[in-house]
Amino acid sequence: MVQNLELNKKYKKKIRLAIIGGSFDSTIGKTHLRSLLSTNAYEIICGCFSRNKTKNKKNSKFYSLSKKKIYNTIKELLKHEYKNIDLALVLTPPKNRHKIYLELANRKVGIIAEKPFENNRKDAIKSFNLIRNKKIFFASTYNYLGYPAVMEIKHLIKNIGQIRNFVFEMPQQSSTFYKSVIKNWRTHDDNIPNLHLDLASHLLSMVYFFFDELPSEVNSFEQSNKIYKDNVYAWLKFKKFIGQFWYSKNSTGKNNELSIRIFGEKGSIEWNHSQTEQIIYCDNKGNKAILNRLSQNSKYLRDNELFTYSSGHPGGFLDAFINIYDFIAKSYHSKRIEPNILINLKTNLDIMKTLDKIHESAIKKTWKKVIL
Ligand SMILES: NC(=O)c1ccc[n+]([C@@H]2O[C@H](COP(=O)([O-])OP(=O)(O)OC[C@H]3O[C@@H](n4cnc5c(N)ncnc54)[C@H](O)[C@@H]3O)[C@@H](O)[C@H]2O)c1
């Protein structure tokens with residue numbers, strides 16, 4: 001509880017925010033709103049939340065903003081508000097993000113981008129050059145990196161010796177589940193199919209976070225339902241080890257599961273999204289240990305600052321998102337991107353280039369080199 005009392009003092013000044021996308025009826029808007037408010041580090045000044053004008057204005061209640069602070073276009077928003085905001089949070093679908101980044105960069109407004117950064121390689125390169133040349137603040141919300149257990153894995157990984165191989169899996173069931181309501185844009189595959197953008201981008205953020213590198217070569221199989229790609233197996237070659245991804249929307253019965261298994265010369269590490277507060281650690285002498293929030297020798301799992309409440313009170317997805325926003329606030333104020341957790345601009349571009357090659361390898365039915 002001490003943490004809550006300290007929240008007011010934690011940051012000298014609130015970061016003034018515009019939000020683009022993230023309407024009350026969007027998938028991810030509510031999670032961002034709750035996380036932002038929980039940090040007490042941000043003030044939402046204005047927004048352009050939805051393409052639908054009626055729905056857009058309805059966000060007045062959702063975001064507790066007066067209707068005159070809700071704009072129908074980004075141009076209009078920036079014209080009236082660019083001096084009143086520090087950063088813009090971009091929560092729109094990935095397609096055509098570069099047009100939004102261009103408007104923001106031209107007004108020198110820094111950017112927080114939901115993943116994935118873009119929806120194709122060409123636009124990603126354009127946006128990367130633009131944001132880098134304008135020298136504006138940039139951070140992204142690869143939220144799985146905000147789980148304390150995921151931070152713990154990064155810390156533990158040196159104990160398992162040279163990495164030999166890993167298996168990351170993210171099976172979901174939205175393409176087969178009878179009650180799924182799928183947003184229109186998610187059913188239109190573009191240069192890089194949405195399945196890669198949606199799920200493999202997360203997996204690659206974790207690859208980069210754990211190993212400080214992305215694969216040098218990739219290969220994959222893709223499967224489609226009648227409308228869009230909904231299942232992928234991918235194989236990844238690195239300088240000294242190999243890895244495998246399985247990500248899917250057709251895995252009936254799998255409800256947003258995510259598992260991480262990493263095997264090294266001296267041990268292995270396993271984490272499952274269904275048990276966010278524990279890591280299974282095995283050494284090569286037959287010992288198996290479970291690290292949790294009470295483990296003396298954990299670093300991040302036992303840090304109460306990263307959780308809303310004490311051990312025994314499951315937090316999970318929202319706490320991880322709040323941690324990401326805390327890291328962003330710290331980075332903004334210190335003018336320094338926290339190492340790896342926020343996935344810097346260059347790595348955002350590299351993730352897009354890697355996704356592009358994973359898709360191309362499936363089309364060409366061959367290994368593809370990833371040139372970053
Ligand atoms: N991190 C996660 O776990 C997670 C989960 C879900 C979605 N996402 C990401 O969040 C982003 C948004 O996804 P979603 O599922 O919330 O989409 P959504 O379709 O549910 O909502 C997007 C909203 O943005 C609005 N919008 C689109 N273009 C706009 C523009 N130019 N100006 C203003 N508003 C605009 C739409 O009208 C809509 O209200 C995607 O990049 C997606 O990959 C991330």
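The values are calculated or read from the model by the stated rules, or taken from the named source; none is laboratory data. These numbers come from a predicted model, not from an experiment. Cβ sites come from the backbone with ideal geometry, for glycine too, and all protein chains shown count toward neighbours.
So the values come out like this:
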quantity	calculated
Test: residue in the range 127-149 that is within 30 Å of Leu306 (Cα to Cα), at pLDDT 95 or above, part of a strand (DSSP E or B) and more than 14 Å from the chain's Cα centre (by Cα)	no
Unmet criterion (only one of (1) within 11 Å of the ligand (Cβ to nearest atom); (2) farther than 13 Å from Glu114 by Cβ) for Ile20	(2)
Residue match in the range 214-229 (condition: within 16 Å of the ligand (Cβ to nearest atom) and either of a type outside the set (A, V, I, L, M, F, W, C) or at pLDDT below 95 (or both))	yes
Odd one out for Arg302 among (1) of a type outside the set (Val, Ile, Thr); (2) within 22 Å of Ser259 (Cα to Cα); (3) not assigned by TED's automatic domain parsing to the domain that holds Leu204	(3)
Residue count, the range 48-61 (criterion: within 6 Å of the ligand (Cβ to nearest atom) and assigned to a helix (DSSP H, G or I))	0
One residue from Leu87, Leu36, Leu91 being buried (at least 19 other Cβ atoms within 10 Å of the Cβ) and more than 15 Å from the ligand (Cβ to nearest atom)	Leu87
Given (1) free of Cβ contacts under 8 Å to residues at least 60 places away in the same chain; (2) within 16 Å of the ligand (Cβ to nearest atom), index of the condition Met170 fails	(1)
Residue in the range 88-106 that is over 23 Å from the mean Cα position of the chain (by Cα) and assigned to a loop (DSSP other than H, G, I, E, B) present	no
Scope the range 20-47; condition of a type in the set (Gly, Ala, Ser) and outside any strand (DSSP E or B); matching residues	Gly22, Ser23, Ser26, Gly29, Ser35, Ser38, Ala41
So Lys135, is it within 13 Å of the ligand (Cβ to nearest atom) and either among the basic types (Lys, Arg) or buried (at least 20 other Cβ atoms within 10 Å of the Cβ) (or both)	no
Positions within the range 304-331 being touching a Lys or Arg at 6+ places or on another chain (Cβ under 9 Å), surrounded by fewer than 20 Cβ atoms within 10 Å (Cβ to Cβ) and in a loop (DSSP other than H, G, I, E, B), in sequence order	Ser310, Ser311, Gly312
